Amino acid sequence: MTVFVKNIKGPVHDISNLETVGSYSIDGNKRYRNDLSQLKYYKKPRNCNRVYFDLNEGTVYESAEDPKIDFLLKWILENLDRLKVEDLENPTRWLKPEFICSRGLLKKLLSITFRIKRHIFTFMVHQWSGRIFC
């Protein structure tokens, strides 16, 4: 199924209540680790009024292979006790997060304006048990 999104007008939804529920790492050999061993840090620019980010700058592409969703699903299973909903009224909802995706997808969405002039892109999502996975 393909959905084309045209100019959307109206109020912008507040996303200030987003939260990170956990982290994991993928090491240099593409092995999953349930830790923060590959965590990188952000260094704030000297002049925050003149910031021009190019999210592609400095990116090193080691292979054409995208990270597998298996790592994300493995982390969910290992941390299910922190993510599980204790809602007896709605037994079909078993995870607290409503939208589950990798940081890589978010980076692609944020950097799309630096790669193409026309903002047309495609990504696949799967809705299962009230959650959106991508």
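A Cβ distance below 9 Å, combined with a sequence gap of six or more or placement on separate chains, defines the contacts here; from the range 40-57, residues that are under 17 Å from K107 (Cβ atoms) reach no residue that is in a loop (DSSP other than H, G, I, E, B) and among the polar types (S, T, N, Q). Quick check, is N7 at pLDDT below 75 and in a loop (DSSP other than H, G, I, E, B)? Criteria met by N7.
The values are calculated or read from the model by the stated rules, or taken from the named source; none is laboratory data. None of these values were measured; they are calculated from a predicted model. Neighbour counts are summed over all protein chains in view; Cβ atoms, including those assigned to glycine, are modelled from backbone coordinates with ideal geometry.
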